[in-house]
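**Q** I have a structure here, written as structure tokens, and I will follow up with some questions on it.
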Amino acid sequence: MTVLRDTWIVFKRAMLLSLQNPAWVIIGLIQPILYIVLFGPLLTQMANVPGFPPGNAWNVFVPGILVQLGIFGGAFVGFGIISEWRSGVIDRMMVTPAARSALIAGRVLRDVVVLLVQSVVLIAVAIGFGLDVPVSALLLALVLVTLLGAAFSALSYAAGLALKSEDALAPLLNTLALPIVLLSGILLPMSMAPMWLQHVSDVVPFKHMVDALRAIFQGQIWVASVGIGFGLAFVFAILCLWLGTQVFRSQTR
Amino acid sequence: MTDQISTDTIIRARGLKRTFKTRGGMVEAVKGIDLTVERGRIVGFLGPNGAGKSTTLKMLVTLLTPTEGQATVVGCDLRNDPVGVRRRIGYVAQNGTTSPEAKVGLEIVSHAELYGIPRAEARRRGEELLGAFDLDGVWTRTCGSLSGGQRRRLDIVMGLIHRPELVFLDEPSTGLDPQSRANLWSHIRGVRDRLGTTVFLTTHYMDEADSLSDNLLVIDHGKIVAEGTSADLKSRVRGDAMTLTLRSPDQMPGAVAVAQAVAGAGNVQSEGNVLRFQAPNGAMVLPGLIRDLGAAGIEPIGAEVARPTLEDVFLTLTGRSLRD
């Protein structure tokens, strides 16, 4: 399959570039660890507040941080594609016989691999602090991070390549980031929110993904919320990858 | 096929058009271009900024779909077989081909792999091409650490790694210092002479087009306005530019009369004590001109004959300077 071969070639190049300058990987890792170290202990004090889910506070907190890592680990990669476009790399690749979908898929794959490494480190730190879940739950968490990371990375590449301007991409991402963080219950579970706010958050798909992961981390796998959360993540990822490929194709129209 | 294409023709375009939608309405960037490029030539595509050069080039390399018209590039139809075109051409964009953080070797090998060339072969070809372009020893350096001229030569190496029959260079020498430009030109000639690759290059520099190209296409306002060798095009300008400086402006009326009497003279203009006009074969006209002026009691203190440049050609063809 030439698409797979081309994806692998684009992935290898992108991965080697990331490994050559791992500063960004490390910076991306420090932020979630800071959340665990500096914010997690606060949350454990809140476990008795009405509305806070029962059980280990870390099992409630870490799913949110993992979803956040998936979203924001992917969301900012669009800046990279703008600078690649500016240096002529994108046009150069477009003029090769490579499949258009491979040009984006290879880059998304690199982002997902970086994200998975970050997630494993984050989970290890969290276990040190008191996270206590079976390995199967951790594997499902990594699946969700993969889906979200792939979706946001594809979306960010699409936005970056469509806008071709850091000055336009930055405000777009900032505008989206804040409501997503606040309404998906990443930091505090939405079950603590007043009714109207819960209803607003119900339309945010990422809230359901956080809920799904929290259920899994509390030992419930065969419940509706898990199916909804993972189903949404899957559909969202497919949609974003399709959109990303369309934007790459439209570059030569 | 009724429309027989010679085997020596590498690009044949008919009626290529491209319109862009903008907020102000539809803009016709390219208004119907016919062009034919023969194998083994260096063809210069010359025109001012905004004339439609890059748009035409992007259509020919499959980066933009033509709104109308058709073209065959290295035997493949632009519309029906863009992948076939991509396999057979190299393209070096104006803004480069490499990431500044990437190592030279990584860019070369990954680029070659996209054409299905195995890694070992890519490395062998890459080292060989780098050597041919005086870039030995840069394999493990980052592309951003190369000088402007080196980086530009690396771009051409990238464009040639899959041994295309035809390579497109978009404004190859823009931003280079004069020495690097001259050096780049000799390398571009080498691409044709040593590799037998046809080169299609765009430029808005007259000297570049003049010194490099076997054939020239002049584009203005989205249409081809002239085609031919540089000598052909220069012969279309009425003649050489003659400039005479007189001792005093008082002598001007007499001098103008003498100039107008020269066979084929045109465009006689005077300004202060400087007289300018055009005449064919200026170098042969000059001695007789000075003799006639002397007979009229006028003694010029300076005389100059200038061969027409492509700049003059462009001015004659389009009525405007290339710098406008």
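**Q** Looking only at the range A:150-166, which residues are open to solvent by 10 Å² or more (accessible area, probe 1.4 Å) and over 10 Å from A:PHE79 (Cα atoms)?
**A** A:ALA150, A:PHE152, A:LEU155, A:ALA162, A:LEU163
**Q** Has the range B:98-106 got at least one residue that is open to solvent by 10 Å² or more (accessible area, probe 1.4 Å) and under 28 Å from the mean Cα position of the chain (by Cα)?
**A** yes
**Q** Tell me, please, whether a residue that is small (Gly, Ala, Ser), open to solvent by less than 10 Å² (accessible area, probe 1.4 Å) and at the interface with chain A (Cβ under 7 Å from one of its Cβ atoms) can be found in the range B:66-86.
**A** No.
**Q** Sticking with this one: Would you be able to tell me the number of residues in the range B:113-136 that are more than 10 Å from chain A (Cβ to nearest Cβ) and touching a residue at least 12 places away in the same chain (Cβ under 8 Å)?
**A** So the count comes out to 12.
**Q** Given the criteria charged (D, E, K, R) and loosely packed, with under 15 Cβ neighbours inside 10 Å, does A:ASP132 qualify?
**A** When the stated conditions are applied, A:ASP132 passes them.
**Q** Taking B:SER110 as meeting all but one of (1) of a type in the set (S, T, N, Q); (2) within 9 Å of chain A (Cβ to nearest Cβ); (3) more than 15 Å from A:ARG13 (Cα to Cα); (4) part of a helix (DSSP H, G or I), write down the number of the exception.
**A** Unmet for B:SER110, out of (1) of a type in the set (S, T, N, Q); (2) within 9 Å of chain A (Cβ to nearest Cβ); (3) more than 15 Å from A:ARG13 (Cα to Cα); (4) part of a helix (DSSP H, G or I): (3).
The values are calculated or read from the model by the stated rules, or taken from the named source; none is laboratory data. Computed from a predicted model, the values in this text were never measured in an experiment. Every residue, glycine among them, receives a Cβ derived from its backbone with ideal geometry; neighbour counts consider all protein chains shown. Heavy atoms of the whole protein, side chains included, go into the accessibility calculation; ligands, DNA and RNA do not. Shrake-Rupley method; radii C 1.70, N 1.55, O 1.52, S 1.80 Å.
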